[in-house]
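Written out below as structure tokens is the structure these notes cover.
All of the numbers you see were taken from the coordinates with simple rules; none came from a lab. Just so it is clear, the structure is predicted and the values come from calculations on it, not from any experiment. Methodologically, a virtual Cβ is constructed for each residue, glycine included, from the backbone with ideal geometry; neighbour enumeration extends over all protein chains shown.
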Amino acid sequence: MKFVGVTSCPTGIAHTYMAAEGLEQAARAAGHEIEVETQGSAGLEPISPETIAAADAVIFAVGVPVRDRGRFAGKPLVEADVKKAISDGPGLIAQAVAAVEEAQANPEAFAESQAAKPAGSRGGGLVSKVDSSAPVGTRIRQWLMTGVSYMIPFVAAGGILIALGFMVAQLAGGKEGAIVVTKLYALTGPPDPNPTHIINIVTDFNPADGMHWAALLFLVGAASFSFLVPILSGFIAFAIADRPGLAPGIVGGFIASTIGAGFLGGIATGLIGGFVALWISRWKVPKGVRGVMPVVVIPLLSVLITGAALILILGRPLKALTDGLASWLHGLSGANLIVLGSHPRPDDGLRHGWAGQQDRLHVRHNRPGRRGHRDREHQPQGHGRRHGSRNDAATGTGAGHHGPAPAVQ
Amino acid sequence: MSLITENLVVLNLDSPDRHAATRVLAQALADEGRVTDLDGFLADVRKREEQMPTGLPGGIGIPHARSAHVTEPTLAFGRAPQGIDWGAEDGPATLIFLIAAPEGGGDDHLKILAALARRLMRTEFRESLMNAPDATTVVDVVTREVVNP
């Protein structure tokens with residue numbers, strides 16, 4: 001059989017390596033293969049994921065918790081004190097063989113026992129790419145890459161759906177279809193029963209109308225895109241502070257996205273949210289308070305601090321920077337804006353060509369992604385303003401006019 | 001610099017308990033200039049020893065510490081023919097390895113200690129140390145097996 005093992009001990013200079021040697025000798029003597037990761041002080045050489053995948057069982061002989069334990073999830077596991085591998089390596093190997101045979105003999109019971117484990121120790125748990133012993137520069141890169149890697153599915157889904165939406169819109173609506181699909185349709189109803197051109201595709205979906213299908217694709221894609229910055233920010237914070245980082249990171253990212261600070265704002269809120277959450281979670285608090293720390297105190301304070309920092313201090317300079325970058329890029333090529341992402345503006349490349357058309361329709365130069373499709377573009381300016389202000393008063397949200405709920409976009 | 005020298009080998013360790021034995025070996029480290037503060041180093045070793053005694057089956061004791069008072073990775077070796085209780089279940093230890101690692105040691109140095117720890121698991125290595133007639137032989141065996149394998 002093939003095994004993988006991890007050994008560790010408090011000091012990391014003696015038992016770790018003796019235990020590894022003990023396991024290797026015992027495995028060899030019994031005719032098995034084993035690769036042992038020594039999580040000691042002499043540099044960590046992680047076992048490759050392929051080797052772990054090929055292993056029949058996992059042996060932990062440890063004195064301190066296994067690093068990145070999630071990598072080994074889903075395999076029969078033998079866990080023992082590090083000394084056991086030194087004094088009785090053959091015994092541990094025999095236990096591992098027994099664990100493999102038991103799992104093979106009764107796969108259903110094994111699957112159940114795996115499912116019963118807490119999420120963090122399973123393969124399905126959220127993982128970050130961060131190696132806590134790496135130098136600072138590397139860690140910053142790893143934080144950012146963790147955020148990016150969780151954002152990618154949203155980019156993929158949103159980008160392809162929007163592209164499909166445009167394609168269908170051009171087929172169904174002709175040359176102007178791709179513009180119309182971004183302007184005329186929304187997931188919420190018009191704010192006012194007065195005559196309007198906005199079509200709520202939730203209540204008024206017409207399967208026979210190709211434009212409705214195009215709008216469906218576009219709106220779902222746009223919804224996916226509206227999560228880019230919050231998810232990037234949230235998982236940067238997650239990489240820094242683990243679970244407590246998620247709430248301040250995601251909320252901060254949403255505010256960054258709402259106020260137009262874009263990806264730069266999202267990176268800032270990810271870093272701020274992560275470090276604030278990490279800092280608060282390390283407070284030494286009385287035992288009685290400890291229970292409510294992760295439930296109330298850390299989320300409350302970290303979300304408040306991150307959000308306030310962005311709104312009061314960083315929001316304006318970051319928005320200015322993002323806008324500056326965006327207009328600079330716009331000068332180069334309109335279609336590339338999404339790379340810097342002041343916000344998803346799928347129609348951006350087309351806008352200039354259609355400026356005249358928009359003016360004729362009294363369309364303000366709204367960014368559909370930012371203001372939401374329920375904006376009253378196709379009404380005369382005066383009406384649009386009136387509705388806008390009433391809408392703000394009615395919803396009464398802090399984000400107000402510029403912050404429709406993410407599900408809407 | 002070498003992992004072990006003849007002055008760091010004590011072939012007739014007859015201390016009454018493991019703390020006294022550790023002090024004898026640590027004194028040798030201090031005399032060789034490998035440890036700058038004897039009591040500080042002993043406190044570090046003791047702290048590790050209190051977490052869990054480092055006696056192992058087969059008559060081995062491996063007191064060890066990473067300590068700011070250590071100048072370079074060093075091994076002091078003691079042989080106690082009458083045995084000293086080191087907390088192992090199967091009886092007293094006759095081979096004592098006091099491993100001293102500097103606090104912020106570089107990877108290469110720590111790899112030597114890792115190699116040493118692995119050799120301790122090999123019966124031939126233990127036997128040749130058990131049967132070594134003098135300190136020179138001990139240094140030769142360790143150097144051959146661990147430093148220049």
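Computed over chain B, relative contact order equals 26 percent, with contacts defined as Cα pairs under 8 Å that lie 6+ residues apart. Identify all lysines with a Cα-Cα distance to A:K175 below 16 Å; exclude those on the same chain that are fewer than 8 residues away in sequence. Excluding near neighbours in sequence, the set is A:K183. Taking the fewest neighbouring Cβ atoms within 10 Å as the starting point, the ordered list for A:M18, A:M151 is A:M151, A:M18. Peptide B:110-116 is shielded by partner chain Cβ atoms: per residue, an average of 6 of them sit within 10 Å of its Cβ. For the residues of A:14-25, the average number of beta carbons from a partner chain within 10 Å of their own beta carbon is 6.
When each of A:T306, A:T146, B:T123, B:T5 is scored by the number of other beta-carbon atoms lying within 10 Å, the sequence from fewest to most is B:T123, B:T5, A:T146, A:T306.
Our summary gives the stretch A:155-220 a relative contact order of 43 percent, counting only alpha carbon pairs under 8 angstrom and 6 or more residues apart.
The loop-placed trypsin sites (Lys or Arg not before Pro) in the stretch A:212-321, going by DSSP, that have at most 11 neighbouring Cβ atoms within 10 Å of their Cβ come out as A:R282, A:K284.
For the listed residue pairs A:K84/A:K287; A:K83/B:K47; A:K84/B:K47; A:K83/A:K287, the alpha carbons are over 24 angstrom apart in A:K84/A:K287; A:K83/A:K287. Taking chain B as a Gaussian network of alpha-carbon nodes connected by springs under 10 Å, the highest mean-square fluctuation of the residues B:R23, B:R118, B:R46 belongs to B:R118. Its Cα gyration tensor gives chain B an equivalent ellipsoid. The semi-axes, each the square root of 5 times an eigenvalue, are 20, 19, 14 Å from largest down.
The alpha carbon centroids of the stretch B:110-140 and the stretch A:254-273 are separated by 58 Å. Working value for the stretch A:155-220: equivalent-ellipsoid semi-axes of 20, 13, 10 Å, each the square root of 5 times a Cα gyration tensor eigenvalue, largest first. Just so you know, the Rg over Rh for the stretch A:2-121 is 0.95, from Cα atoms, with Rh as the Kirkwood radius.
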